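Report on one structure; see the data block that follows.
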Amino acid sequence: MFSFNQTYKSSDIPIQLLVLLVFSLGVFFCLISWGEKFKSSFSNKIRIKAAKPTANFNLSISDFQINRLYNELVRFDLIDQEETSMEDFKNVLLKDWNSHSSKIHLKMDGPTCREFFDALIKTFPNNSMTLKNLFITSGLILRPDGKKYNYNTLKNAPTRSPISKQHDALKVIFKSFKS
């Protein structure tokens, strides 16, 4: 409308009013489209994405299966039974991280832990468990000496040793869940 107004040099009042009306409507629609409703539609999406992460693993496992997993880990001496009771094991895997003081003390090296994690994810796929959450962020799964596992050791374990020392034991443990 501005360029039309520049090229059309007329003192005709209705044309001048039409140009002013179209310009005003354009500004009005710009203001409406960038109003509060428009801005809030973006801020809601940002709030949803920045939602508080879950403080548990959301592991979908039955009581029978978790008891069986614990007993199999004890049988193959992959968990410290003196430091980790059945109740501790259940609390760590099923409850919110801050709602208890339980810890799991594993008797596994880095590659074995990585295989354990991979097998756990494949066997029980309905969860929000990540390698970092399981061993680092939660702080609930510890080495035999009571310290946290090193994330880089766990992450890079398959490249250093594709098969862990306890590969056969883990295979037997998790094979029992598939039948």
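Listed values, structure above:
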quantity: Stretch gain in nm, segment Thr159-Val27, where the contour uses 0.36 nm per residue and the Cα spacing is subtracted; calculated: 41.4 nm
quantity: Spacing of the two label points (7 Å from each Cα toward its C-beta) at Phe177 and Ser60, in nm; calculated: 1.3
quantity: Nonlocal amide H pairs with Thr84, under 5 Å, H built at 1.01 Å; calculated: His105
quantity: Residue-normalised accessible area of the stretch 75-179, expressed per residue, 1.4 Å probe, Å²; calculated: 55
quantity: Reciprocal mean inverse distance between Cα atoms of the stretch 117-160 - Kirkwood radius, Å; calculated: 11.3
quantity: Karplus 3J(HN,Hα) series, Hz, for the stretch 163-174 with 6.51 cos²θ - 1.76 cosθ + 1.60 (x for Gly, Pro); calculated: 10, 7, 5, 9, 4, 5, 5, 5, 4, 5, 4, 7
quantity: Most to least accessible of Thr112, Thr137 (protein chains only, probe 1.4 Å); calculated: Thr137, Thr112
quantity: Entries of Lys103/Lys171; Lys90/Lys155; Lys122/Lys178; Lys155/Lys175; Lys95/Lys175 with Cα pairs more than 20 Å apart; calculated: Lys103/Lys171; Lys90/Lys155; Lys155/Lys175; Lys95/Lys175
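The values are calculated or read from the model by the stated rules, or taken from the named source; none is laboratory data. Quantities reported herein were computed from a predicted structural model and do not represent experimental measurements. Note: ideal-geometry Cβ built from the backbone for every residue, glycine included; neighbour counts use all protein chains shown. What goes into the accessible areas is simple: the full protein's heavy atoms, side chains included, and nothing from ligands, DNA or RNA. Shrake-Rupley method; radii C 1.70, N 1.55, O 1.52, S 1.80 Å.
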